[in-house]
Amino acid sequence: MKIKEGHYLAPYVATPSELAPHIMELTKPKKGDRFADIGCGEEGVMVIEAAKLKYGLKEVIGIEGVKDRIKKVTKRVRDLGLEDRIKIIHADAVEYNLSKIKPNIVFMYLTYNGVTMLKPKLESEVEIGTRVVSEAYEVGGWKPSRAVTLNYKNRKKRDVFVYEIGKTEMREPLELQLEEILIKE
Ligand SMILES: C[S@@+](CC[C@H](N)C(=O)[O-])C[C@H]1O[C@@H](n2cnc3c(N)ncnc32)[C@H](O)[C@@H]1O
């Protein structure tokens, strides 16, 4: 399986591991939720965080389209003994129908073009109430329920946008004010 031409959503850059618990909290995880990371990469930073028992998730799924990254993330998950808690799917996320996995939380760390490409899929394939959390890039034309800047080590910043399917309609142009959150080391 190869990612189809024009479907490449982002190059590989891992989510900074120190941000993972804070991003996870922004997804408002509830017991029994199903979590999907679109483009989970080779380290699977967010799927590994999501698999922690404290979040009480029922299913944690990583979708990745690059074969070599699939091999690495699968090995990492196995080495951590998490193969019963994390399912890795080798697929082109643009082609994969998300209704098959019924996520309540969708996480994505892609490019602006990447999230734009997925927008119609998210609107039609996931259920009302699903939280969609985008690291770094906002989903153009959607109204976020929360928009934050995480300030972390040595003055680094990372924006995170939280959406709820069914409540993303933007009735008028919105000037986004990002809420600043300071992450102490
Ligand atoms: C910025 S990285 C995200 C890494 C990971 N989510 C994390 O939090 O560490 C983007 C990932 O998306 C994957 N990707 C890009 N296009 C894809 C597609 N069409 N289907 C599946 N995965 C894709 C890339 O291979 C890369 O691993």
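Can you compute the label reach from E25? Point 7 Å from Cα along the Cβ direction, backbone N cut-off under 20 Å, restricted to segment 110-150.
Under 20 Å, as judged by backbone N against the label point of E25, lie 131-136, 145-150 of segment 110-150.
Given a Förster distance of 30 Å, report the FRET efficiency between K119 and L82 from their Cβ-Cβ distance, rounded to the nearest 0.05. Before the final figure, lay out the partial values.
On the way: r = 30 Å, r/R0 = 1.01.
Using R0 = 30 Å, I get an efficiency of 0.50.
Using a simple spin-label model with points 7 Å from Cα along the Cα→Cβ vector, what separation in nm is obtained for K75 and I128?
Here the modelled spin labels are 4.6 nm apart.
Would you mind calculating the gained length between K167 and E43 on full extension (0.36 nm times residue separation, minus the Cα-Cα distance), in nm to one decimal?
On the way: separation 124, 0.36 × 124 = 44.64 nm, distance 3.19 nm.
Working it through step by step, the gained length comes to 41.4 nm.
Name the residues whose placed amide hydrogens come within less than 5 Å of the amide hydrogen of V60, ignoring near sequence neighbours (fewer than 5 apart) on the same chain.
Those lying under 5 Å, H to H, from V60 are F35, K87.
I need the peptides 38-44, 99-105 ranked by packing, meaning the mean over residues of other C-beta atoms within 10 angstrom, with the highest value on top. Could the numbers behind the result be given before it?
Numbers: 38-44: 24.0, 99-105: 17.9.
Peptide ranking by packing, descending: 38-44, 99-105.
For V47, what charge total do you get from the other residues with a beta carbon under 10 Å from its beta carbon, if Lys and Arg give +1 and Asp and Glu give -1? Intermediate results must be reported in sequence, preceding the final value.
Details: positive: R76, R85, K87; negative: D37, E43, E49, E64.
Residues close to V47 contribute a combined charge of -1.
Please go through segment 1-49 and write out the trypsin sites (Lys or Arg not before Pro) that DSSP classes as loop and that have at most 15 other C-beta atoms within 10 Å. Intermediate values should be presented prior to the final figure.
Numbers: sites: K2, K4, K30, K31, R34; in loops: K2, K4, K30, K31.
Of the trypsin sites (Lys or Arg not before Pro), the ones in loops of segment 1-49 whose Cβ has at most 15 other Cβ atoms within 10 Å are K2, K4, K30, K31.
Quick check: the distance between the Cα centres of segment 1-56 and segment 113-185, to the nearest angstrom?
The two parts, judged by their Cα centres, are 14 Å apart.
Can you pull the Rg over Rh of segment 17-141, Cα-only, Kirkwood? Before the final figure, lay out each step's value.
Values: Rg = 13.3 Å, Rh = 14.4 Å.
Radius of gyration relative to Kirkwood radius: 0.93.
Calculated FRET efficiency, Y12 and R146, Cβ-Cβ r, R0 41 Å, to nearest 0.05? It would help to have the intermediate numbers written out before the result.
Values: r = 26 Å, r/R0 = 0.64.
The computed FRET efficiency comes out at 0.95.
Given the pairs K156/K184; K31/K157; K54/K153; K31/K102; K71/K121; K75/K121, which are separated by over 20 angstrom at their Cα positions?
Numbers: K156/K184 12 Å; K31/K157 30 Å; K54/K153 25 Å; K31/K102 15 Å; K71/K121 26 Å; K75/K121 29 Å.
Those over the limit are K31/K157; K54/K153; K71/K121; K75/K121.
Could you please report the charge total around P29, scoring K, R as +1 and D, E as -1 over all other residues with beta-carbon less than 15 angstrom from its beta-carbon?
+4
Normalised by the number of residues in the chain, what is the relative contact order in percent for Cα pairs under 8 Å and 6+ residues apart? Please report the intermediate quantities before stating the final value.
Details: 372 pairs, mean separation 35.9, N = 185.
Relative contact order of the chain: 19 percent.
Every read-out reported here was derived from the displayed coordinates using simple, explicitly stated rules and does not represent laboratory data. Just so you know, these numbers come straight off a predicted model, no measurement behind them. Ideal geometry is used to build each Cβ from the backbone, glycine not excepted, and the neighbour counts take in all protein chains shown.
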